[in-house]
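Undergrad: Have a look at this one.
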Amino acid sequence: MNEPIEILAALIVDSLRIVVFVGAGVSTESGIPDFRSPGGVWDKYDPQEFYFQRFLENEASREKYWQMATEIYESMKNAQPNPAHLAIAELEGLGKLDCLITQNIDGLHFKAGNSPDRVLELHGTAMHVTCLNCYKRYDRDAIQIRIADGDKAPRCDECKGLLKPATISFGQSMPVEETQAAYDHSTACDLFIVIGSSLVVQPAAQMPVIAKRNGAKLVIINRDETPCDPIADYVVHAQAGPTMATVIDQVKRALANR
Ligand SMILES: [Zn+2]
């Protein structure tokens, strides 16, 4: 019954360059709502109002943006890593993680113990705020204190530039370096594991295809079907946390017996 899980564990043991690709499904298991799902943030707010261009254009849009962003941040700031995050961090500890590509902005991979040089945050991070003018970086909590004190659209201490959470907004270009690095690692890996992503957001959804085309084995763990299921070597339709907990146990056992 657990055959694909056993096969995945064996693949991890035998592979040399493993890329893990993570989507919203891993965050939801830590209690963070999926913004795109029914009842999520984008049901409540109109995405049109939060395009990057609007943020640049006027103060009222910026205030509204920060109100929405504060609501999102409240849902994630106290969240804790779940067994899927912990299993991925263990992969790194075992020397079995070339690169982790994440679409999530909650910083939970770092709370789980992954190191920054192994993680590519394709959609940025909500854990920091940056100045759009001088690029000074601020800790998110420090800025949220200002918001709570009535500063509705905070500005940079240094240059008075606009401050914005370090996430990628609608209409804002993808981070060039991270996206290129994600493509490079996808091209060069020998095992590509998708965990908790429906693989519908571009360009991220291209990465498993690129990996597969360049000879990697492709394994998908997701609750629902994905458009890449037909090209995957193995597909597990299940929750990320319990599945990865079982996988990592088997990997550790296999490595210990070597
Ligand atoms: Zn600045």
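The values are calculated or read from the model by the stated rules, or taken from the named source; none is laboratory data. Predicted, not measured: the structure shown is a model, and the values here were computed from it. For neighbour counting, all protein chains shown are included, and Cβ atoms are generated from backbone atoms with ideal geometry for every residue, glycine included. With ligands, DNA and RNA removed, areas are computed over all heavy atoms of the protein, side chains included. Shrake-Rupley method; radii C 1.70, N 1.55, O 1.52, S 1.80 Å.
Undergrad: Go through (1) under 30 Å from Leu16 (Cα atoms); (2) surrounded by 15 or more Cβ atoms within 10 Å (Cβ to Cβ) for Ser169 and report which single condition fails.
TA: Failed condition: (1).
Undergrad: Exactly one of these conditions fails for Ala181: (1) within 26 Å of Gln48 (Cβ to Cβ); (2) surrounded by fewer than 22 Cβ atoms within 10 Å (Cβ to Cβ); (3) in contact (Cβ under 8 Å) with a residue 40 or more places away in the chain. Give me its number.
TA: (1)
Undergrad: Looking at the structure I just gave you, is Thr125 in contact with a strand residue (DSSP E or B) (Cβ under 6 Å, 6 or more places away or on another chain) and either within 16 Å of the ligand (Cβ to nearest atom) or under 24 Å from Ile145 (Cα atoms) (or both)?
TA: Taking the combined requirement at face value, the residue satisfies it.
Undergrad: Something else: Scan the strands (runs of 3 or more DSSP E) fully inside region 174-258 and keep the ones with 3 or more residues being not hydroxyl-bearing (Ser, Thr, Tyr).
TA: Qualifying strands (runs of 3 or more DSSP E): 191-195, 217-221.
Undergrad: How many of the residues making up region 99-141 are touching a His at 6+ places or on another chain (Cβ under 9 Å), among the hydrophobic types (A, V, I, L, M, F, W, C) and open to solvent by 10 Å² or more (accessible area, probe 1.4 Å)?
TA: The qualifying residues number 4.
Undergrad: Cβ-Cβ below 7 Å, separation at least six or inter-chain, first residue in region 159-173 and assigned to a strand (DSSP E or B), second away from the ligand (no atom under 13 Å from the Cβ) and open to solvent by 50 Å² or more (accessible area, probe 1.4 Å): which pairs?
TA: Close Cβ pairs (under 7 Å, with a partner that is away from the ligand (no atom under 13 Å from the Cβ) and open to solvent by 50 Å² or more (accessible area, probe 1.4 Å)) amount to Ala166/His128.
Undergrad: Turning to a different aspect of this structure: Does Gly215 satisfy being of a type in the set (Gly, Ala, Ser), over 22 Å from Gly107 (Cα atoms), away from the ligand (no atom under 15 Å from the Cβ) and modelled with pLDDT under 95?
TA: Considered against the rule, which asks whether it is of a type in the set (Gly, Ala, Ser), over 22 Å from Gly107 (Cα atoms), away from the ligand (no atom under 15 Å from the Cβ) and modelled with pLDDT under 95, Gly215 comes out as no.
Undergrad: Here is a further query. Are there any helices (runs of 4 or more DSSP H) wholly within region 1-86 with 3 or more residues that are of a type in the set (A, V, I, L, M), and if so which?
TA: Result: 3-14, 59-76.
Undergrad: While we're looking at this one, here's another question. Looking at region 140-154, can you tell me whether even one residue there is within 16 Å of the ligand (Cβ to nearest atom), out of contact with any helix residue (DSSP H, G or I) (no Cβ under 8 Å at 6 or more places or on another chain) and among the aliphatic types (A, V, I, L, M)?
TA: yes
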